[in-house]
Structures are given as C-alpha cells and as structure tokens.
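Presented below is the structure to which this report refers.
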Amino acid sequence: MRTLRRWIERPEGRALFALLFILAIGCVFNAHDAFFRWGTHRDMLRQVSVYGILACGMTLVIVTGGIDLSVGSVLGLCAVVFAQLSLHRGQPAVLAVPAVLAVGAAAGLASGAAVARFRIQPFIATLAMMVFARGLAKWLSGGEKVSRALQQPDGSFAYLDLPGAFERLDAKVWGGNVAVVTLVFLGCVALSWVVLTRLRYGRYLYATGGNEEAARLSGVPVRRAKLLAYGLSGVFSAVAGICQAAQEQQGDPEAGVSYELTAIAIAVIGGNSLAGGRGGVGLTLLGAMTIGYLEKILSINAVAESSRLMLTGAIILAAVLLQRRRVA
Amino acid sequence: MPDKLLQLSNIGKRFGANRVLDSVSFDLFAGEVHVLAGENGAGKTTLIRILAGIYPEHEGTLELGGRIIRFRNPIEASRHGISVIHQELSLVDSMSVADNICLGREAARAGGLWLDRRAQLERVGALCARLDLRFSLEDLDRRAEQFPLSVKNRIEIAKALAGDARVIVMDEPTSALNHAEVERLFALIENLKGRGCGIIYITHKMEEIYRVADRITVLRDGRRVGTAAAAECPPPTLIRWMIGRDLAEQFAPPAGMPAAGPRAPRFVASHFTVPRPGPGRPPAVEDLSIAVGAGEIVGFAGLQGAGCSELFNGLFGAYGAVCGGRVEIDGEPVLPESPGASIRRGLAFLTGDRKGTGLVLGMSVERNVSLASLARMSPWGVLAPGLERSLAEHYVGALGIRLDSVGQETGALSGGNQQKVALAKWLATRPRVLLLEEPTRGVDVGAKHEIYRLLRSLAAEGLAILLISTELPELLGLCDRIVALHRGRVTGVFDRSAATPERVLAAAMGADSPEGN
C-alpha cells in the first residue's frame, strides 16, 4: 500500500495509473470483444504514432518552459516536400529523407532563434511559424495534394508508381503485428530520452526551464539550449510529416491541421508541466497511449464524435488538476 | 501647534516566532517631514506596511485625526488619506500615464460602467498643475513604459496623491533619481508641506536626511531607539542610535585569525565602471579600483542603491561586455563578457537572491551542485551520473548539508541548506575568486556560523573572496578590509584594525563624501 502511494506521488506513477484506468475501462466496455484482440492495440499504436512523434519534440520545448504551435504546419510542409521529392522527382529516400529533415530543422531553428535571440514569446514566435509554414506548404504544392495522380498537358491523369519508401513506412512488420510508424515513434521517444537524460544539453534544457536566470548565471548557454529544443522539435515534425505522407500516399498541404493541440494534450496528460523545468519523454509516451486508448475505446464502442470530444476535453482538464495537487 | 495627523502607539508585529516590531510609537504632524531611519531589517518596512493596511493583524493602536482606526486592507488605508510611494514602482507599464494615475479611482459615468476619459484627463491635468509635475496633456496620454525611471517616479507620486492624501509615505524615493530630479522632488515635498500634508520619509542617505527632515525617528531591531528634532540629532548621534553601543563588542575579530600580511594580488579591478541601462542614467558603479590578495576577504558595505550588487554582476559578466575598466586574475587580464567565460577563468558568483537567480529549486540537489561544472561532468557532452553523484556527495559532506539524499528536490530544503547547495555549486567550479552577495541571507544562526567558518577556511586555501553584506557585524567579523560604497563610488576603505561600525556606516551613508554637505 505504501509502495503504491509512493508511486502515485511520482508523475510517472500518476501517468501510469491514468493509463491503467483507461485500460480497465476498455476491458469493461469491450464491444464485440474487440479490446482483447491484438489488432486493436496494433491499430491504436499506429494511429497515435504521428501525434506521438510530434509530442516528443513538444516535450523538449515544454521542458525549456516554451511551447511549439508550429509542429502541425511543419508536418504539412514536410509531407509536401517529401512527396514532391520522392514521388514527383523520383529522388531516392536516402536523399529525400535528409532533405526533409533539414527543412524541418530549419523551421524549428527559425522559431528557436525568434525565441532565444529576439526574445519573442514562444507562443507568438511559433504561431507565426505555424501560419508561415502552412502558407509555404500551399505555395510549394500550388494548393493541390501532391499525389500519385499527375495531370498531363492534355488533361488526363497519369499514375506514378509509389516509391518503395512509402510502402516500407506504411508497412507492418513482425508478422504484421507492429506498424513501422510505431517503431519510428518509439525511436523518437528513445532519441528524446537520450537527449533529456543522458546529454549535457538535456540538462541545460531542464535548467533553462526551471530557472532561466539562475541557469544563465551558472554558465548555461541558455540561448543555444532553446535553439536545440525548437530545432529538434522541427526535426521531429519532419519525421512525422514523412510518416504522414507515407500513410496517406500523398503530400497534403492541409495535413496536420490542429495536430499541435493533440501533441500538447499528449504531453500534458502524461504529466508534463507547461511551466517547464520538469517532466520527461517517458511521461509523453504514457500520455500518447492514454489518449490513443481513449480514442480507440470510444470508437470501438461507437460513441459519437461529439461526445468523444467533450470527454477528451474533460480528461485533459482532469489531468492538469491532478498535476496541480502534486505541487500543492 | 500644528495638527497631529497620525499617532501610532505601541505597534508590535511578529511573523511566527520572529518578532520584527516591538511596541513602537510614532507620530506625524501636518506640514512636517518625519524621517524614519534604521539599518536594513530594523523594522521600517513592516511599520509602513501596517500603516498602509497591508498587515491588518498587529498589536497596538493607530490613530488618524484623533480617531482610533484599524485598516483591514490597503484600500481602506488609502480611503483614509494614507498614501505610500513604493520603492519598487507599481505602475502598469502598458497603460497611459493618466490611466495609471487614476487606477482604482477612474472617472466613470452610468453607474461606473462607462469610463469618462475626458473628465479623467482634465482631473489629472489639474492634479499635475497643482503639484507642479509638468506633464503635458499629450504626455498624460502616452504609455508609462515610454518614460524613463525618473519620470515614472513622478507618475508614481502623482498616483499616490490623486486621492486627497494627507499622510504620505516615501520609501527611498530618490534611489533611481539624478541630482536635478532629486532637487525637483524636494521642491515637491516643500509644496506638499505647505498644503498641510505630513510626510514620512525613509532613506539611507545622510545628506538627504538633513536636507528634508524636521524630525527623525530611529528604529533598531524592531524597537524605537529615539525621536528627535533634526537639529538636535547630529550625524554621530544618529549613527550611534542606528548601530547601538552594546553591539560594538560583538564585532571583535575572532581569535586565531592571521594578520593580513602582504600577499600577491589575485584579483585586481582598476577604474571599473558599470553602466546603468537606459540613456542619461548615472553609472551604477563608477571608477572603482580594488586589489584582493590570495587568502584575503574584502567586504563591500553599501546601503540600498549603493551599487554593490551591480558591481558583482558587472565583474562576473552578467550584464555582458558593457563595463569599463580593467580586470585581472593572477596577473592575466580578463574582460567580463559572460557568466560562462567568467566561470572558466575561475570566477564564481553567489547571488543574493537564492530563489530568483541562485538555484533551480525544482531540480535535485545533485543537479544544482553540478550545474556550473557540467562541462567537467560530461565528457564528449554525455553526462556521467557517477561523476555527478560523487561530486554532489563530496560537497554535501564537506559543507554539512543536511538532506535525505542528493536526489532530493532542492526547494524542499531549509534556507540554510539551500544556501549551502548554492555555495557548493560554486565551489565545485574550483574557483580562484569568489564573489559572494549576502551569503547568509535568510539563514539561521547555526548555519550562519558554519558558513563563516567555511569562508575562512576557503580563504586560508588561497581563494580571493569579495563579499557584500548588509549586516555590519558580518563584514566586521569576517573581512580583512572593508570598502564602503555610496552611490556607486568608493567613500572609504578600512583595514580590519581601523574599521568600526560607526566609520563604515558613516562612509556608506555618504557622510564623508565630497558631495554630502
């Protein structure tokens, strides 16, 4: 009992508790026994992966006390660029993927520079990037989806072959039991975990978010730490964009609208504090699964979307209230 | 005999077990300036806060215009004509000057819903004309943030006087003003006196006291030492009142301290100047030269606004490369440019504000201790948790920090232990020069003495230590030399043998400075 209480006092314990609670609900409201089939869980993990990848970058930024509203738009931009490079121009993945990651990094570094160098509030700086990147995506794509159907001068459509990278990313491995995007998501979690807990710069992120002035006076390169956080968030957005393009088999300039809000919700439900200085990507992983299962349970029980949204909103609020009790 | 505006009788206040005011009586007549003096922590601010209704719970009585009254909140106090001009400006930067002045007393119509801007501007214009504050109507409509500090100070005064205040409290009103602005403030005070207001004036500056005071009351350790007409209370008396004779014995240097012999200078600053941000402000520190030998502890005595804190921030590079003059460590010239660079050159800076600038309270003790030496703790940028832990445990042992584990959150420790964690962070950088700002602030007596012992042994190991303290006994007990600062300039340097509390305090108050007349 005591061990249990100690667990609940830790943020990880709370996030795990929330996840188990959702799982228990899933076992009770188990329409057509769907919850006991692995396929349900595999699909949940697949569906939450793109959001989860964005949430990894979001976590790095939140730890510094900031926020990144541009992740959804940068995802859309990167999906378009990836589709153009590999689908239309036929570039191999070894070239297309690094190029798209560079685009994401550039977008993130631009937000980071606005925040770190010009002291613009993160909310505003990344809001600007959110609008700008969406515009850039539409400009590059001419407002059209970048898809296999390529209109010919005579008006007819020619269908391009789907590059191997698309198929491989959208595939399932290990006997069809795990989606590749889920592995990519887990890879992003692992990378963020290494950065936050094993690298000096990870410690700089926490110190910056915990007390920026004390960190600066202790010789912490506060600006570079922020640049790193936003830059990595951009890179993760690019990864998510590539996955999204592979899943949709096209680069949609409208892809990722409002995804930033889901990414924030995942981080917050996991127990990361928007005040900065605490939290971690483990919490984000738990948050992603909580949100994923919530959606999945509501959908297998055919709950109407209206109720689904209201419930999700209530749960986000409850998660934040729970966090506050820990502080008090 | 003029009207008695205010009579405080036997005011007492305690915070928990800590008594900060003990049976203090104080009165104020119409048309007089009554200076409230005392060292930091004497209880001046607490007394003012009781008067302003910020602390409704207190002992004793408050009589206003002959009626006993007890304020439940600041609004009641202000309705009764008590107005406080705060040290820290309390303006809303993003609002216009007129809106700031009328904040809380907006001219309104339609049952308070409709803001009557025109009436408000007229009212403020009339107020400013009456007080000779020289704001044009256009100025009144501009946002407060567009004005320099000195003008903001005038806005603050206008705001305080927008109601019909008769009792006006000015808490260090000149700390951010230049000479001409101070003169204008004094003219305003004369104007207010002529209108029958009573002014309670708090200051640390000797020349100001004798310039404005009609009467002087001195507080010490929460008690009133005395009240006298300014003419009957010359500076030596005032200083004796502030320090207290009986304290002199406590300043005796601790036994076993080696006499300060000639030592190689470890840290030298020459003609060091720290500018203040914003154009037209006098520098925070001007033309300061000091050499500190290895093993020497040099203290800086200065009252509020003297520039001690700015000096250390400037030397450490916290303001960036904006300071003038030369700095050398062990004969090697260094340019203060950034905290990171200063740390690499062997400088460490314990700031006076643990919570705000010293520690990351949400992080563990271990991580705070290693924060300024992370480069050493992480070869190739990869953290080595073993190194970090043993570093933290070493300093926890060496400084006697009491905690459950080094993984504990720093904010959960007591003030004294937090301070030791902050000190541990800086010692872990293996500094050659220590800059310490209020190293024992908010620390209990036991921990204080441990910190003193520690500083002495650090000096004995060859560190050069520069120390700011507002506690004279601390400076006199610890330091080999004491430098008095007043308005950013050195007004006295005292060897241990020559330093007496009276002389140091007089120099810090500018009594010996050429400008103090």
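Among the residues of region B:374-395, which ones are away from chain A (no Cβ under 11 Å), of a type outside the set (Asp, Glu) and farther than 27 Å from residue A:273 by Cβ? Outline the logic, then answer.
Quick first cut of region B:374-395, residues away from chain A (no Cβ under 11 Å) only: B:386-387, B:389-395.
If we keep only those that are of a type outside the set (Asp, Glu) as well, we get B:386-387, B:389-392, B:394-395.
B:386, B:387, B:390, B:391, B:394, B:395, listed by residue number.
Determine the pairs where a residue that is within 14 Å of chain B (Cβ to nearest Cβ), located within region A:217-234, has a partner that is crowded, with 21+ Cβ neighbours inside 10 Å and polar (S, T, N, Q) with Cβ atoms under 7 Å apart, the partner being 6 or more residues away or on another chain.
Correct list of pairs: A:217/B:351; A:217/B:357; A:220/A:208; A:222/A:208; A:225/A:64; A:225/A:208.
Do we find that residue B:371 is under 30 Å from the mean Cα position of the chain (by Cα), under 30 Å from residue B:331 (Cα atoms) and within 11 Å of chain A (Cβ to nearest Cβ) in this structure?
So residue B:371 fits the description; yes.
Whether any residue in region A:245-252 is within 30 Å of residue A:86 (Cβ to Cβ) and more than 19 Å from the chain's Cα centre (by Cα) is what I want to check.
Taking region A:245-252 first, the residues within 30 Å of residue A:86 (Cβ to Cβ) are A:245-252.
Filter once more, so that each one left must be more than 19 Å from the chain's Cα centre (by Cα): A:249-250.
Checked region A:245-252: at least one residue is within 30 Å of residue A:86 (Cβ to Cβ) and more than 19 Å from the chain's Cα centre (by Cα).
Pairs please, first residue from region B:349-365 and within 7 Å of another protein chain (Cβ to nearest Cβ) and under 16 Å from residue B:409 (Cα atoms), second anywhere and part of a loop (DSSP other than H, G, I, E, B) and of a type in the set (Lys, Arg), Cβ atoms under 6 Å, 6+ apart in sequence or on different chains.
B:362/A:278
Looking at residue B:510 and the list (1) part of a loop (DSSP other than H, G, I, E, B); (2) more than 21 Å from residue B:242 (Cβ to Cβ); (3) in contact (Cβ under 8 Å) with a residue 24 or more places away in the chain, which single condition is not satisfied?
So the condition that residue B:510 fails would be (2).
Can you list residue pairs whose Cβ atoms sit under 7 Å apart, with the first residue in region B:398-414 being outside the structural domain of residue B:443 (by TED's automatic domain parsing) and on the phi < 0 side of the Ramachandran plot and the second being outside any helix (DSSP H, G or I) and of a type in the set (Ser, Thr, Tyr)? Count only pairs 6 or more apart in sequence or on different chains.
Taking only residues 6 or more apart or on different chains, the pairs are B:406/B:364; B:407/B:364; B:408/B:364; B:409/B:364; B:410/B:364.
Polar (S, T, N, Q), within 26 Å of the chain's Cα centre (by Cα) and modelled with pLDDT of 80 or more - does that describe any residue in region B:98-114? Full working, then the answer.
Taking region B:98-114 first, the residues polar (S, T, N, Q) are B:100.
From what is left, the residues that are within 26 Å of the chain's Cα centre (by Cα) are B:100.
Imposing the further condition that a residue be modelled with pLDDT of 80 or more reduces the set to B:100.
There is at least one residue in region B:98-114 that is polar (S, T, N, Q), within 26 Å of the chain's Cα centre (by Cα) and modelled with pLDDT of 80 or more.
Hey, residue B:221 hits all of (1) touching a Leu at 6+ places or on another chain (Cβ under 8 Å); (2) within 24 Å of residue B:39 (Cβ to Cβ) but one; which does it fall short on?
The single condition residue B:221 does not satisfy is (1).
Tell me, which strands (runs of 3 or more DSSP E) wholly within region B:1-69 include 2 or more residues that are under 26 Å from the mean Cα position of the chain (by Cα)? Give the steps one after another, and end with the answer.
Values: elements: B:4-15, B:18-29, B:33-37, B:59-64, B:67-69.
Once the strands (runs of 3 or more DSSP E) in region B:1-69 are filtered for at least 2 residues that are under 26 Å from the mean Cα position of the chain (by Cα), what remains is B:4-15, B:18-29, B:33-37.
Among the residues of region B:334-341, is any surrounded by fewer than 23 Cβ atoms within 10 Å (Cβ to Cβ), away from every other protein chain (no Cβ under 11 Å) and not in a loop (DSSP other than H, G, I, E, B)?
Yes: region B:334-341 contains one or more residues that are surrounded by fewer than 23 Cβ atoms within 10 Å (Cβ to Cβ), away from every other protein chain (no Cβ under 11 Å) and not in a loop (DSSP other than H, G, I, E, B).
Is it true that some residue in region B:418-436 is under 19 Å from residue B:309 (Cβ atoms), assigned by TED's automatic domain parsing to the domain that holds residue B:291 and surrounded by fewer than 21 Cβ atoms within 10 Å (Cβ to Cβ)?
No: region B:418-436 contains no residue that is under 19 Å from residue B:309 (Cβ atoms), assigned by TED's automatic domain parsing to the domain that holds residue B:291 and surrounded by fewer than 21 Cβ atoms within 10 Å (Cβ to Cβ).
Do you know which of the residues in region A:73-113 that are touching a strand residue (DSSP E or B) at 6+ places or on another chain (Cβ under 8 Å) and farther than 16 Å from residue A:168 by Cβ is modelled with the lowest pLDDT? Talk me through it step by step, then tell me what you get.
Step one: of region A:73-113, the residues touching a strand residue (DSSP E or B) at 6+ places or on another chain (Cβ under 8 Å) are A:79-84, A:87-88.
Going one step further and asking which of them are farther than 16 Å from residue A:168 by Cβ, we end up with A:79-81, A:84, A:88.
Values: A:79: 97, A:80: 97, A:81: 97, A:84: 94, A:88: 89.
Restricting to residues being touching a strand residue (DSSP E or B) at 6+ places or on another chain (Cβ under 8 Å) and farther than 16 Å from residue A:168 by Cβ, the top hit is A:88.
Return yes or no: is residue A:206 within 14 Å of another protein chain (Cβ to nearest Cβ) and in contact with a helix residue (DSSP H, G or I) (Cβ under 7 Å, 6 or more places away or on another chain)?
Numbers: within 14 Å of another protein chain (Cβ to nearest Cβ): yes; in contact with a helix residue (DSSP H, G or I) (Cβ under 7 Å, 6 or more places away or on another chain): yes.
So residue A:206 fits the description; yes.
Here are some residues: B:284, B:301, B:318. Which one is in the same structural domain as residue B:465 (by TED's automatic domain parsing) and more than 29 Å from residue B:182 (Cα to Cα)? Spell out the reasoning first.
Values: B:284 fails: more than 29 Å from residue B:182 (Cα to Cα); B:301 fails: more than 29 Å from residue B:182 (Cα to Cα).
B:318 is the lone residue from the list that is in the same structural domain as residue B:465 (by TED's automatic domain parsing) and more than 29 Å from residue B:182 (Cα to Cα).
Got a number for residues in region A:170-181 being closer than 22 Å to residue A:57 by Cα, touching a residue at least 24 places away in the same chain (Cβ under 8 Å) and touching a strand residue (DSSP E or B) at 6+ places or on another chain (Cβ under 9 Å)?
Initially, region A:170-181 is screened for residues closer than 22 Å to residue A:57 by Cα, giving A:170, A:179-181.
With the extra rule that they be touching a residue at least 24 places away in the same chain (Cβ under 8 Å), the set shrinks to A:170, A:179, A:181.
Next, from what is left, pick out any that are touching a strand residue (DSSP E or B) at 6+ places or on another chain (Cβ under 9 Å): A:170, A:179.
Total satisfying the criteria: 2.
Within region B:302-342, how many residues are over 30 Å from residue B:204 (Cα atoms), of a type outside the set (Ser, Thr, Tyr) and touching a Gly at 6+ places or on another chain (Cβ under 7 Å)?
Residues meeting the conditions: 6.
List, please: which pairs have Cβ atoms under 7 Å, are six or more places apart or on different chains, and start with a residue in region A:183-200 that is without any contact (Cβ under 8 Å) to a residue 60 or more places away in the chain and within 13 Å of chain B (Cβ to nearest Cβ) and end with one that is assigned to a helix (DSSP H, G or I) and not aromatic (Phe, Trp, Tyr)?
Note: pairs meeting the criteria are A:199/B:381; A:200/B:374; A:200/B:381.
Identify, please: which residue in region B:318-330 is of a type in the set (Gly, Ala, Ser) and in contact with a strand residue (DSSP E or B) (Cβ under 8 Å, 6 or more places away or on another chain) and is, among those, surrounded by the fewest Cβ atoms within 10 Å (Cβ to Cβ)? Reasoning before the result, please.
Looking only at region B:318-330, we keep the residues that are of a type in the set (Gly, Ala, Ser), and these are B:318, B:320-321, B:324-325.
From what is left, the residues that are in contact with a strand residue (DSSP E or B) (Cβ under 8 Å, 6 or more places away or on another chain) are B:318, B:324-325.
Details: B:318: 20, B:324: 14, B:325: 18.
Filtering region B:318-330 for residues that are of a type in the set (Gly, Ala, Ser) and in contact with a strand residue (DSSP E or B) (Cβ under 8 Å, 6 or more places away or on another chain), the one surrounded by the fewest Cβ atoms within 10 Å (Cβ to Cβ) comes out as B:324.
Select from region B:480-495 the residues that are in contact with a Lys or Arg (Cβ under 9 Å, 6 or more places away or on another chain) and within 25 Å of residue B:241 (Cβ to Cβ) and list them in ascending order.
Scanning region B:480-495 gives B:482, B:484, B:486, B:487, B:492, B:494.
Name every residue in region B:124-143 that is under 14 Å from residue B:155 (Cβ atoms), in a loop (DSSP other than H, G, I, E, B) and in contact with a Leu (Cβ under 8 Å, 6 or more places away or on another chain), in order of residue number.
Of the residues in region B:124-143, the ones under 14 Å from residue B:155 (Cβ atoms) are B:124-125, B:127-128, B:131, B:133-136, B:139-143.
Narrowing the set further to residues that are in a loop (DSSP other than H, G, I, E, B) leaves B:133-136, B:142.
Selection gives B:133 alone.
Of all residues in region B:161-171, which are modelled with pLDDT of 80 or more and either part of a helix (DSSP H, G or I) or charged (D, E, K, R) (or both)?
So in region B:161-171, the residues modelled with pLDDT of 80 or more come out as B:165-171.
Residues satisfying the conditions are B:166, B:171.
The values are calculated or read from the model by the stated rules, or taken from the named source; none is laboratory data. Small disclaimer: the values here were computed from a predicted structure and weren't measured. Using ideal geometry, Cβ is built from the backbone for each residue, glycine included, and neighbour counts are taken over all protein chains shown.
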